[in-house]
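Report on the following structure.
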Amino acid sequence: MPVFERRGEEIISLEQEQEVLRHSAAHVLAAALCRLYKGIQLDIGPATDTGFYYDIDMPRKLTPEDFPEIEAEMARLVAANLPFERLEVSRAQAADLLKAAGQTRFKLERLADIPEGEVITLFRCGDFLDLCRGPHVAGTGAVKAFKLMMVAGSYFRGTEKNPMLQRISGVVRESSEALAEYLHQLEEAQKRDHRKLGKELDLFSVQDDVGPGLIHWHPKGARIRAIIEEFWRQEHFKGGYDLLYSPHIGQAGLWQTSGHLDFYKQGMYASMLVDETAYYVKPMNCPFHIQIFKSRKRSYRDLPLRWAELGTVYRYEDSGALHGLLRVRGFTQDDAHIFCTPEQVEAEVARAVRFALAMWKAFGFTQITAYLSTRPAKAVGEAARWDQATLSLENALKAEGLAYKVDVGGGAFYGPKIDLKVRDAIGREWQMTTVQFDFNLPERFDLVYTGSDGLDHRPYMVHRALLGSLERFFGVLIEHYAGAFPLWLAPEQVRVLPLTDKQAEAAQTLADTLRQAGFRVSVDAGSGKLGAKIREAQVDKIPYMAVLGGREVEQNRVAVRSRSLGDLGAMELEAFLAKLRDEEARRGLE
């Protein structure tokens, strides 16, 4: 990794080092633009999660055809290895320097945003000067591997009443090899985009006439969802959970007690009046599970209680944040709550983590990293309870041998948590599972159980989501498999292909036999040639094709083609069934 300028804010992690490299690349971009184009006015150039951008205003509109010239100028600045020089100045000095640099339209307004008493800094590299907090890499030479990706419009301060600027975005990595790997991953990600595949494979849609962020599950997508849900339910029963169903709306008083109307109202849909009482569509399932807990007196002998629900919730998301299945307004949450005693909590957390790992392995995800978030400065609940909860989370991670990172002070105000991030087939990390303590809701709802001493005690409450939401999980699953689902998840497992009309009846008989054996089958009885039928089945990503010609019918055999391996030759029907059963039972995992 490059050497970093460490005055001011300390760089303490790899993530921060990458952010600094990206931000420094934005400065190199701005410096190159100022060299190439007269009359340019700069706004801001921050790092992003994957790269960097700079917002500018200039007389002519840039296009991707301009990128080679801009990148060449950036390369010259990198080759010169100009040092980043930090200047700590007064407000008046900063204004004078920005005016001298010709940067007055936006930079002076940004300067005015800096609160009184806060240190004002500028950074210089060569003849380029920019208002910036920093830090930066030591010199431009560290920005070795970069590529400009796109130019788009962006309103100043993100408000459409303000001038439209041009946003030039790019990516940077620590080496040319790392950049090539990222660009390949990006290309793969575009091929795997769940929105594209969802349309091509007819899995789901979002209908404008209904509303953005509201998912319609088509028959094939709904079939996969049904398989996922049934597997989820059976695994929960095996894991000692009971299932709940709860209402979709609740009275305002419920959400007032839970705190949602105080802290989360902007994420809730407007209330409705029912019998002159205000009701809200639920954004979360927790208060309903709590009400079930409170529906009768609980004893320490009843605990732990493990309650799970596939509960559909509705949350308001800004339209600009919506993204296919990954960010929606209505979704079914893979939700569970565990109520237990202090003595049971560590074992319950360990159990939840093991359950999550087993679930992810079943769906084909084996690379998992954990993140442990600890108590923030402002928190509810006794310090001793926080310590015990945090220790139980950490012990569970250690017991499972999971690599984990600690986010000190990164927990919610109501409890510490574990987040599990899974890595998909092309190396992207997705935050999915959460095991979250809650010291807030048991207090708000005054939850108690009777202990062995006959007195009331406050239970521990743990929120637990394995898959997160079915919508988001399905989006990740589509992209992980590029739509080519393993046999156990495929909406159509076998397509029977009769060679001619003479085999049509035998094809239907074979399909019925496979269906009776529990497999999902269709018959392509069209008049097209076999080659075209095979190509169509490949496009539809069907795991197996069963070809029937005259010879196969006579010999009571089937010619089997695999989606991934091609022609497997002719085999007896029982042998084909045994192969399907074995692969389905293994769920495609070796």
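The values are calculated or read from the model by the stated rules, or taken from the named source; none is laboratory data. Because the structure is a prediction, the values reported are computed rather than measured. Reconstructed Cβ throughout: ideal geometry from the backbone, glycine too, with neighbour counts over all protein chains shown. Surface accessibility is based on the protein's heavy atoms, side chains included, excluding ligands, DNA and RNA. Shrake-Rupley method; radii C 1.70, N 1.55, O 1.52, S 1.80 Å.
Rounded to the nearest 10 degrees, the inclination of helix 176-192 to the longest alpha-carbon principal axis of the chain is 50 degrees. Whole-percent P(r), segment 45-115, all Cα pairs, 5 Å bins from 0: 3, 11, 14, 21, 22, 18, 9, 2, 0. As I understand it, the dipole of segment 135-272 uses +1 on the Cβ of Lys and Arg and -1 on the Cβ of Asp and Glu, about the Cα centre. Which of Ile228, Leu183, Gly213 lies farthest toward its positive end? The one lying farthest along the dipole's positive direction is Leu183. In terms of accessible area, using a 1.4 Å probe and ignoring ligands and nucleic acids, Arg472, Arg315 rank largest first as Arg472, Arg315.
How much accessible surface area, in Å² rounded to 10, belongs to the heavy atoms of Arg76 with a 1.4 Å probe? It works out to around 130 Å². Element breakdown for the chain at a 1.4 angstrom probe: carbon and sulfur atoms account for 50% of the accessible area. Pairs of alpha carbons in segment 318-404 separated by more than 20 Å make up 53% of all such pairs. For the chain, the Cβ-based charge dipole about the Cα centre amounts to some 420 debye (Lys, Arg positive; Asp, Glu negative; other atoms uncharged). Residues His248, His23, sorted by accessible area with the largest first, give His248, His23 [1.4 Å probe; ligands and nucleic acids excluded].
Against the longest alpha carbon principal axis of the chain, how many degrees, from 0 to 90 and to the nearest 10, is the axis of helix 219-238 turned? Its long axis makes an angle of about 80 degrees. In this calculation the C-beta distance from Ala189 to Ala222 is compared with R0 = 30 Å, giving a FRET efficiency of 0.70. When +1 charges are put on Lys and Arg Cβ atoms and -1 charges on Asp and Glu Cβ atoms, the dipole computed for segment 299-370 relative to its Cα centre reaches about 220 debye. Helix 573-586 versus the longest principal axis of the chain: what is the Cα-based angle in degrees, 0 to 90, to the nearest 10? Result, in degrees: 40. With coordinates expressed along the principal axes, the C-alpha atoms belonging to segment 167-310 extend over 63, 41, 39 Å, beginning with the largest. The figure for Tyr53 is an accessible area of roughly 40 square angstrom, using a 1.4 Å probe on the protein chains alone.
Figure note: Phe231, Phe473 ranked by solvent-accessible area, largest first, 1.4 Å probe, ligands and nucleic acids not counted: Phe231, Phe473.
In the context of the full set of protein chains, segment 330-424 has a per residue accessible area of 41 Å² (1.4 Å probe). For the chain, the ratio of Cα radius of gyration to the globular rule of thumb 2.2 N^0.38 Å stands at 1.17. Expressed to the nearest 5 percent, the antiparallel share of DSSP beta bridges inside the chain is 85 percent.
Within the assembled protein chains, the solvent-accessible surface assigned to Leu82 is about 40 Å², based on a 1.4 Å probe.
Could you pull out the pairs from Lys199/Lys533; Lys191/Lys421; Lys61/Lys196; Lys378/Lys417 whose alpha carbons sit more than 25 Å apart here? Exceeds cut-off: Lys61/Lys196. For segment 255-336, count all C-alpha to C-alpha pairs, find those more than 18 Å apart, and express that count as a whole percent of the total. Cα-Cα pairs of segment 255-336 separated by over 18 Å account for 55 percent.
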